[in-house]
Every structure is written in structure tokens, then in C-alpha cells.
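Notes follow once the structure below has been shown.
The values are calculated or read from the model by the stated rules, or taken from the named source; none is laboratory data. In this text, all values refer to a predicted model and were calculated from it rather than measured experimentally. Cβ atoms come from the backbone with ideal geometry, glycine included; neighbour counts cover every protein chain shown. Ligands, DNA and RNA are excluded from the accessible area calculation, which covers all protein heavy atoms including side chains. Shrake-Rupley method; radii C 1.70, N 1.55, O 1.52, S 1.80 Å.
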Amino acid sequence: MKGKKWTFFSFASSIWPPKVKKCRQNTLDGYISAIRCHVLPKWGERELTDIRRKEVQEWVDSIATAGAATKALKMLQQVFRWAIKTFELEIFDPTQGVELPARPIYRREVMTAKEIAYMPREAVGKPWEANIILAVALGLRPSEALGVDWSDIDWRSGWVHIQRGCHTLQSGETVEYPCKTRLSDRYLKLPRWALVRLRQIRGQRRRGRVRGNLTPRQVYTQYKRFLKSIGLGRCSIEGLRHSWATLAIASGAAIADVSVAMGHTTTRMVIEHYMMSTRAVSKRATDAAGKAIEEGLEAYAMAA
């Protein structure tokens, strides 16, 4: 490396071969998008040793959305850290200490219990009905709901083995892959109403993907149009997962139980994304505190 001038583009190009071996294709698509749209236009022709933290901060601040800024900075960091580690470069990492823009408060779109009960009835006969039932009943990720095979379901007990995901790449190709994490490979139990309806949809089939010949992109598009047609256009398939979690927590389910069922590695995701917007959780806390205060006031009055 001594005496040779390497541009950021050179290092970014070198990082891809090992990345390709370790990452799923849909994850790589996200990386490539961030590199192409934000990182290379700004830093591609610059030498690593000439990039300064102040410049990086100004660049991050100039990116329109907080999500795009976070992903772009992450890719810049990965290239720098990979280059420093692989080639033992004695250079400063200018991404250290860079502050990301504050993310706006995001309220996830969810359905009420009444809407969730109404929606599956309106979806009867749709080619993707079974996938929506799985998503609604089990709180699955969209990719998981589309990756279920008929053979994954125990038709006597109602237990479903969630073991793969399905995704449409930017190229239009449909790919399947193992679950996101070790804890995402899990068993979930269908409620009786869902098991009964899925038996009817299955008919004589014993194997084959529940989605049939539909691609994930086709399911998302058709489902979105369907929701608009019945006046519930605000909630995506991802929103069904959030709705399930919100209803489970509001009904008193333990945070750890919800986290395990959703396939999260820790309970932090559930606390951050679902508890914060659940009024029932706040009400239980304020009711408990209020009761304790009332008991204290009564004890004080009696003593007086």
C-alpha cells in the first residue's frame, strides 16, 4: 500500500467480494443502493487519507431523510473500517463522532381488533388470502408469511414452523432464504379460526408454497389495492405485524412472550416499537400507581 494512491471507489469495489459471500442478496441490494445513490457520487474519486470528519458531517446533514443518511453513513463506515483492518492502514476514520440527524417520531399504522376481524372476511377467495391469514394470526414478517409451505403446518395441532423468508429483488427475481436470525426460526400456534379457514383453502394440497405462483411484489401490490377498496388503505402487510404486536401487548401479553413470538433477538425492539404507542400499557402503569397513592391517602386520613 505504500506510495500507492487509493481512491474510495477502489476500496468500495474491493469490499464487495467478501460481502457477497456473507450477505443475502436483498441485503446487498440495500447496500448497493446506498453506495450508488449517496456514497460514490460524493466520495468515489477522493483518496481515503484526504477525507475529513467535518466534510462527512456536512455530507450527512445534507441528505434529505434521516433513514437515507443513516444507511449512507453506515456504508461509508464499513468501507473505512474494512480498509483499515484488511490493509492495516494507519489512518484516522473520519466517520467517528459523526452525528446523525434526529429521526422524526414515526407512528406505525395499525388496525384495530374490529378492523382485523373485518378485513379477512372481505379477503375470502383472493389468491393471497392464506398469506394474509398467516400474517394476521401470527404476527409474521411479510417475507415470512410469503415463505410458508403447506407442509410447514401441522394440521392437527395448528403449529406452524417458520423457517424461511421470500423476497423480490430489485431485478424482479424472487428469492428464498433462511430466517433472519436463529430465534426467527420458530414454531407458532395458529388460533382455531385461522386453522379452520386454512384447511378450507388448502383443499387436497400437501406441499407447495402457500402463495402459489404469486411473487412477493404481486402480493404486496394486490393487497394494497384491496385495502383501498375496502377503506383501510393506511395499513400495509408490515402493518399487520405491528397490529398483532400492539393487540397482544394491549391484551396483557408479557413483553418477553411477544418478543419470542415475533422472532426478535431481544425485547428492546418490542419495547421501542410497540409499547411506546400502546395506551393500554400506560393505563396499566398509571392505574397501578394511582391505586398505590389512593391507598396511601386513605392510610394518612385514618391516621389523622
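Only one of A145, A123, A130 is under 15 Å from R206 (Cβ atoms) and either open to solvent by less than 10 Å² (accessible area, probe 1.4 Å) or in contact with a Lys or Arg (Cβ under 8 Å, 6 or more places away or on another chain) (or both). Can you tell me which?
Result of the check over A145, A123, A130: A130.
If K283 satisfies all but one of (1) farther than 22 Å from D185 by Cβ; (2) over 26 Å from the mean Cα position of the chain (by Cα); (3) of a type in the set (D, E, K, R); (4) not in a helix (DSSP H, G or I), what's the number of the condition it fails?
The single condition K283 does not satisfy is (4).
At pLDDT 90 or above, more than 16 Å from S151 (Cβ to Cβ) and not in a helix (DSSP H, G or I): which single residue out of L214, L240 fits that description? Show your work before the answer.
Values: L240 fails: not in a helix (DSSP H, G or I).
Among L214, L240, only L214 is at pLDDT 90 or above, more than 16 Å from S151 (Cβ to Cβ) and not in a helix (DSSP H, G or I).
Can you go through L138, L73 and tell me which one is open to solvent by less than 50 Å² (accessible area, probe 1.4 Å), touching a strand residue (DSSP E or B) at 6+ places or on another chain (Cβ under 9 Å) and modelled with pLDDT of 85 or more? Spell out how you get there, then give the answer.
Numbers: L73 fails: touching a strand residue (DSSP E or B) at 6+ places or on another chain (Cβ under 9 Å).
From the options L138, L73, the qualifying one is L138.
For the subset of the stretch 257-270 comprising residues that are of a type in the set (V, I, T) and buried (at least 16 other Cβ atoms within 10 Å of the Cβ), which member is modelled with the lowest pLDDT?
So in the stretch 257-270, the residues of a type in the set (V, I, T) come out as 258, 260, 265-267, 270.
With buried (at least 16 other Cβ atoms within 10 Å of the Cβ) added as a condition, the list becomes 258, 267, 270.
Numbers: V258: 91, T267: 86, V270: 82.
Out of the qualifying residues, it is V270.
From the list E122, E109, E88, pick out the single residue that is charged (D, E, K, R) and within 15 Å of G239 (Cβ to Cβ).
On the way: E122 fails: within 15 Å of G239 (Cβ to Cβ); E88 fails: within 15 Å of G239 (Cβ to Cβ).
Result of the check over E122, E109, E88: E109.
So how many residues does the stretch 76-95 have that are open to solvent by 20 Å² or more (accessible area, probe 1.4 Å) and touching a Lys or Arg at 6+ places or on another chain (Cβ under 7 Å)?
0
Pull up the stretch 151-172, narrow it to residues that are loosely packed, with under 14 Cβ neighbours inside 10 Å and free of Cβ contacts under 8 Å to residues at least 12 places away in the same chain, then point me to the one that is farthest from the chain's Cα centre (by Cα).
R156
Which one of I51, I63, I35 is farther than 26 Å from E88 by Cβ and either in contact with a Cys (Cβ under 9 Å, 6 or more places away or on another chain) or modelled with pLDDT of 75 or more (or both)?
I63
Out of everything in the stretch 176-187 that is in a strand (DSSP E or B) and over 20 Å from A130 (Cα atoms), what residue ends up being least open to solvent (accessible area, probe 1.4 Å)?
Filtering first and then ranking leaves Y177.
Name the pairs: first residue in the stretch 262-282 and over 16 Å from G252 (Cβ atoms), second residue of a type in the set (F, W, Y) and at pLDDT 75 or above, Cβ to Cβ under 9 Å, at least 6 apart or on different chains?
M262/W244
Among the candidates L240, L227, L198, L190, single out the residue that is buried (at least 19 other Cβ atoms within 10 Å of the Cβ) and more than 23 Å from the chain's Cα centre (by Cα).
L198
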